[in-house]
Amino acid sequence: MTKLESIRKHGVSAHGRRELMNYLKGKDLAMKDAILARCYDCMSYYADGISDCRTTECPLYVFMPYRNTRRKKKTGAKKPSAGKPAAEQAAKKAAKKAVKKETAKKPKKKAAAPVGKRPATAAPAAKKNGRRKDGKKAPEPLTLFKM
């Protein structure tokens with residue numbers, strides 16, 4: 001009896017059955033499908049019933065579909081603080097919004113670059129002989145594209 005026939009005869013309909021059968025037929029599997037198929041195969045097709053394998057040493061245990069210990073999902077909803085009335089919390093929120101509005105109203109100053117002038121950090125202009133005023137060789141001008 002081949003493995004495929006054994007799955008059809010003894011295998012329980014569970015996560016991983018279809019994926020393992022597709023693998024045995026020679027089809028490619030995605031990573032999630034491969035993990036499900038491996039768990040199904042390792043648990044002897046869940047013939048004893050669908051349950052947690054409790055093999056915490058297995059690197060795939062965290063992905064096992066029927067594991068008892070689930071990871072806690074993070075939720076975006078915040079619970080109101082214990083001991084503080086809702087009116088007090090609403091007043092704090094209103095105060096925070098007022099502070100944000102005040103800071104948003106202030107115009108931000110933009111530093112305008114002088115037109116036609118070099119920045120103060122640039123080297124002094126080179127003379128016709130390729131030297132600066134202090135006698136040192138002038139740096140090559142920067143270009144974005146080489147031609």
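Read-outs throughout are calculated quantities, based only on the coordinates presented, and are distinct from any laboratory measurement. Source: prediction; values computed, not measured. When we count neighbours, we look across all protein chains shown, and the Cβ atoms used for this are built from the backbone with ideal geometry, even at glycine.
Residues of the stretch 16-32 that are surrounded by 17 or more Cβ atoms within 10 Å (Cβ to Cβ) and outside any helix (DSSP H, G or I): 16 alone.
Residues that are among the small types (Gly, Ala, Ser) and touching a residue at least 40 places away in the same chain (Cβ under 8 Å) within the stretch 15-45 comprise just one, 16.
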